[in-house]
Structures are given as structure tokens and as C-alpha cells.
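Q: Below is one structure. I have some questions about it.
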Amino acid sequence: MLHEERFIQAITVHEQLMQDLRLVQSLHLPQCYIGAGYIRNYIWDVLHGYDLRELHSDIDVVYYDARDLREERDIRLEQQLREETGNAKWSVKNQARMHLRNGTDPYQSTEDALRYWPEIVTAIGVQLDEEDRVHICAPHGLHDLYQLVVRKSPFFMDNDYYNQRVHRKCWQEQWPKLKIITA
């Protein structure tokens, strides 16, 4: 519970992230979260004592809607978010169809899909409810995030991809306190 409280507090004081969460909440997409690097990198910055640096390459919006798997919908939503914010970093993906790209069995929910993301610390999503309360989707929990440990998700099977990814990202250059565990 300690990590969750710290996490929620950190999210609520990040004004731009809260604005982005409100905007995404207004889309009324099922099981919808902002996740991945936007969230992970921000918390790593907080834990390293850095000022807000916005080091994320995109703003990942993930949701789950098995009734509409059209990629065109995601593209339209990305364009809408880009036009509303003037920010080209938006990326929208319906997790109900991502198993096709990933070559896995169909995911059952957004949380199930996040379980299969490469790193435990990346598999974290945040949403706001109608009362502006923060909700967390973290199928592996927040422990690794707060311990600054990067490790492969036990559900992600491609060790070579994981190892190449963490090497390519050069995270320890930006966040030297990280401990990266290779697969």
C-alpha cells in the first residue's frame, strides 16, 4: 500500500499528466489508461530527485474493446488527441487486438495485456475516474518501479528482444540508480 500512496501522490502533483489523464478520461474508452514510459520515466525522475524532464517518446493510451478492433479507430483517436493538445506524442492502442501483433493468445482485458509487456516497470497504467481519483493498473505491482529494478515480465517470452530493448533504451545513462536485470 505504501507504494500505491506514494505513486498516487506523485501523479496528482504532475499538472500536465493530470490534464492528459482528464483528456483521455473524456474519451470514455473502456478499461482505458495512460501507461508505459510516460508514467515509468516520470516516477524514475522523482526517485532520482530530478526536475520534470518529459523524457518519454510517446504518450501511450491503452484500452480494451473487443467489439471494435479496427486500427483506424486508434489512428483517429491519436489524431484527435494530437489536434486537441498540439502534442504529436500520442499513441493509442486497443489491447483487444494487440495479441495479433504479438503472436499470443487473445488478451482478456487491458490488465491482462499489460502483464505481457516486456518489462515489469513498463506494465503500469493510470486512469482517472469521474471524481478525478487516480486508479492504477499494475498487474506486476509497483515494487520494481520503486526499487529502481528493471526486469523482464515473467509472461514476456522473447529474452533476446527484452535484452536488446533495455540495451537500446540506455536507461542507466538517464537514471544511474537503476538496476537492470538481463534475461
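Q: State whether the residues of the range 53-60 include one that is of a type in the set (Asp, Glu), assigned to a strand (DSSP E or B), within 14 Å of Asp20 (Cβ to Cβ) and modelled with pLDDT of 95 or more. Let's see the steps before the verdict.
A: The first filter runs over the range 53-60 and keeps only residues of a type in the set (Asp, Glu), leaving 54, 58, 60.
Retained after the next criterion (residues that are assigned to a strand (DSSP E or B)): 60.
Keeping just the survivors that are within 14 Å of Asp20 (Cβ to Cβ) gives 60.
Right, trim to modelled with pLDDT of 95 or more and you get 60.
Checked the range 53-60: at least one residue is of a type in the set (Asp, Glu), assigned to a strand (DSSP E or B), within 14 Å of Asp20 (Cβ to Cβ) and modelled with pLDDT of 95 or more.
Q: Check every one of the strands (runs of 3 or more DSSP E) wholly within the range 74-183 and list those with 2 or more residues that are touching a His at 6+ places or on another chain (Cβ under 9 Å).
A: On the way: elements: 90-94, 125-128, 134-137.
Passing ranges, in order: 125-128.
Q: If you check every pair at least six apart or on different chains, which have Cβ atoms under 7 Å apart with a residue in the range 126-139 that is without any contact (Cβ under 8 Å) to a residue 40 or more places away in the chain first and a residue that is β-branched (Val, Ile, Thr) and open to solvent by less than 50 Å² (accessible area, probe 1.4 Å) second?
A: Going by the 7 Å Cβ cut-off, the qualifying pairs are Ala138/Ile124.
Q: Take the residues of the range 1-52 that are within 18 Å of Asp74 (Cβ to Cβ) and of a type in the set (A, V, I, L, M): which is nearest to the chain's Cα centre (by Cα)?
A: Ala36
Q: I would also like to ask the following. Residues to consider are Asp58, Asp68; find the one that is closer than 13 Å to Ser91 by Cβ, open to solvent by 10 Å² or more (accessible area, probe 1.4 Å) and acidic (Asp, Glu). Give the derivation first.
A: Values: Asp68 fails: closer than 13 Å to Ser91 by Cβ.
Sole residue among the options that is closer than 13 Å to Ser91 by Cβ, open to solvent by 10 Å² or more (accessible area, probe 1.4 Å) and acidic (Asp, Glu): Asp58.
Q: Looking only at the range 61-97, count how many residues are of a type in the set (Asp, Glu), touching a residue at least 24 places away in the same chain (Cβ under 8 Å) and over 22 Å from Met18 (Cα atoms). Show your work before the answer.
A: Residues of the range 61-97 of a type in the set (Asp, Glu): 65, 68, 71-72, 74, 78, 83-84.
Still in the list and also touching a residue at least 24 places away in the same chain (Cβ under 8 Å): 65, 68, 71, 84.
Next, from what is left, pick out any that are over 22 Å from Met18 (Cα atoms): 65, 68, 71.
Number satisfying all stated conditions: 3.
Yes/no per residue for (1) loosely packed, with under 12 Cβ neighbours inside 10 Å; (2) of a type in the set (Lys, Arg); (3) over 19 Å from Leu55 (Cβ atoms); (4) touching a Leu at 6+ places or on another chain (Cβ under 7 Å):
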| residue | (1), (2), (3), (4) |
| --- | --- |
| Lys93 | no, yes, yes, no |
| Ser109 | no, no, yes, no |
| Gly125 | no, no, no, yes |
| Arg168 | yes, yes, no, no |
| Lys177 | yes, yes, no, yes |
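The values are calculated or read from the model by the stated rules, or taken from the named source; none is laboratory data. Because the structure is predicted, anything quoted here is derived from the model rather than measured. Using ideal geometry, Cβ is built from the backbone for each residue, glycine included, and neighbour counts are taken over all protein chains shown. Each accessible area value is taken on the protein alone, full model and side chains, heavy atoms only, with ligands, DNA and RNA left out. Shrake-Rupley method; radii C 1.70, N 1.55, O 1.52, S 1.80 Å.
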